[in-house]
1. Which numbered condition trips up Asp71, out of (1) open to solvent by less than 60 Å² (accessible area, probe 1.4 Å); (2) under 18 Å from Arg90 (Cβ atoms); (3) of a type in the set (D, E, K, R)?
2. Sort out which residues of segment 82-129 are modelled with pLDDT of 85 or more, of a type outside the set (A, V, I, L, M, F, W, C) and touching a strand residue (DSSP E or B) at 6+ places or on another chain (Cβ under 9 Å), and write them in order of number.
3. Residue by residue through segment 95-122, note down the ones that are open to solvent by less than 90 Å² (accessible area, probe 1.4 Å) and within 20 Å of Arg24 (Cα to Cα).
4. Taking the options Tyr41, Tyr69, name whichever one is in contact with a helix residue (DSSP H, G or I) (Cβ under 9 Å, 6 or more places away or on another chain) and hydroxyl-bearing (Ser, Thr, Tyr).
5. Just give me the residues in segment 20-58 being of a type in the set (Gly, Ala, Ser), part of a loop (DSSP other than H, G, I, E, B), at pLDDT 95 or above and open to solvent by 30 Å² or more (accessible area, probe 1.4 Å), in sequence order.
6. Does Asn89 satisfy being open to solvent by 60 Å² or more (accessible area, probe 1.4 Å) and at positive phi?
Amino acid sequence: SQFASRSATMASRTNVRLPPEVNRTLYVRNLPFNISPEELYDIFGKYGALRQVRLGDAKATKGTAYVTYEDIFDAKHACEHLSGFNVANRYLIVLYYQPAKAAKKDLEAKEREIQELQRRHGVSGSQER
């Protein structure tokens, strides 16, 4: 039966050790600027049920998207098969989303911003009283 084969697949997955960077959310770069969320659902949905697709629309995030799968194995399968996939003469760059890396980049940007403000306003960063 269909249910028996599905549970056999799930049972075989429970013993699989995935690399630590593998997760359900993929970060996609090099997308055509005019791609629609529906087109992303069509491309990435072939590999499994999608929980969310977020397409970058700000100047700095155009051409990027976050795609979250319901199942981590579907995300792994999509990452392996769609990296380098050609969409409108652009080759997709598909990576696992790494929140620690994103947070570190945000922190570094904030620190640079604070240093620039301190320099511009002639104040030091120390808390002297």
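1. Single failed check for Asp71: (2).
2. Listed by number, the residues that qualify are Ser83, Gly84, Tyr96, Tyr97, Gln98.
3. Across segment 95-122, the qualifying residues are Leu95, Tyr96, Tyr97, Gln98, Pro99, Ala100, Ala102, Ala103.
4. The match here is Tyr69.
5. Ala49
6. It is true that Asn89 is open to solvent by 60 Å² or more (accessible area, probe 1.4 Å) and at positive phi.
The values are calculated or read from the model by the stated rules, or taken from the named source; none is laboratory data. Here the structure is a predicted model, which means the values were calculated and not measured. Reconstructed Cβ throughout: ideal geometry from the backbone, glycine too, with neighbour counts over all protein chains shown. Note: areas computed on protein heavy atoms with side chains; ligands, DNA, RNA excluded. Shrake-Rupley method; radii C 1.70, N 1.55, O 1.52, S 1.80 Å.
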